[in-house]
Amino acid sequence: MPKPIKITTKKGVRRYKVDPIYKGRRLGAKTFDTAAEARHYERELIAQAGKGLATQKRTFCEAMEKYRLEVTPSKRGARWEDIRLLKLKRDTQLSRVMVAALAYEDFEEWIDRERDRGLKDSSILREFGVLNQVCRMCRKWRWMSHNPTELVDRPKESPPRKRRISDEEYKQISAALKVEQPCE
């Protein structure tokens, strides 16, 4: 077990920081006034992790923010994904849930709330895709053990449009735009 790291604040106060790691997984850094308190915290967390009791104390809002800052800028559709993530963070019922406690029921309730607000299934699917990616990254960061979005009954995509423009409509449009009709 490594020694706590000594930190001196701007005001000259000495503090001790520990960042316990168990089986390659960070359990949560914390700063204390004394080295003994820091060592006690570290031992306690590692003991809990050995028994399977340690959980991440991060909310889904924190996960979305980390994803928005670290992953989204590298994507081609970064602007739209950023807008969606900011909107999703405002959904307090979903964003306040602890990442380790997320269940597929939380996402199904979110889908129902969005439908009640009048959002179409295609829009819900786009936003759900972003939530799915955030959960996948949480697994990569080892913030959760499973991806709860895999069990969610997703909304069905609406069928594509089949309507074609008629010859009469084509003539009216080309007359309004003063475009000559192509040779047939």
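The values are calculated or read from the model by the stated rules, or taken from the named source; none is laboratory data. What you are looking at is a predicted structure, and each value in this text was computed from that prediction instead of being measured. Ideal geometry is used to build each Cβ from the backbone, glycine not excepted, and the neighbour counts take in all protein chains shown. Accessible surface areas use protein heavy atoms only, side chains included; no ligands, DNA or RNA. Shrake-Rupley method; radii C 1.70, N 1.55, O 1.52, S 1.80 Å.
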**Asked** Residue check, Lys57 against (1) of a type in the set (D, E, K, R); (2) within 27 Å of the chain's Cα centre (by Cα); (3) in a helix (DSSP H, G or I), all met but one. Which one?
**Response** (3)
**Request:** Return a yes/no flag: does region 148-159 have any residue that is open to solvent by 60 Å² or more (accessible area, probe 1.4 Å), in contact with a Leu (Cβ under 8 Å, 6 or more places away or on another chain) and not hydroxyl-bearing (Ser, Thr, Tyr).
**Result:** yes
**Request:** Return yes when Ala175 is of a type in the set (Gly, Ala, Ser) and touching a residue at least 12 places away in the same chain (Cβ under 8 Å) and no when it is not.
**Result:** no
**Message:** For a quick check of your reading of the model, give me the residue pairs whose first member lies in region 1-15 and is farther than 20 Å from Leu45 by Cβ, whose second is surrounded by 11 or more Cβ atoms within 10 Å (Cβ to Cβ), with beta-carbon atoms closer than 6 Å and at least 6 apart or on different chains.
**Reply:** Thr8/Arg14
**Asked** Can you tell me which residue in region 72-86 is nearest to the chain's Cα centre (by Cα), limited to those that are open to solvent by 90 Å² or more (accessible area, probe 1.4 Å) and of a type in the set (Lys, Arg)?
**Response** Arg79
**Fill in**
Taking region 123-147 and the residues there that are part of a helix (DSSP H, G or I) and either modelled with pLDDT under 90 or open to solvent by 50 Å² or more (accessible area, probe 1.4 Å) (or both), the one that is farthest from Leu94 (Cα to Cα) would be Lys140
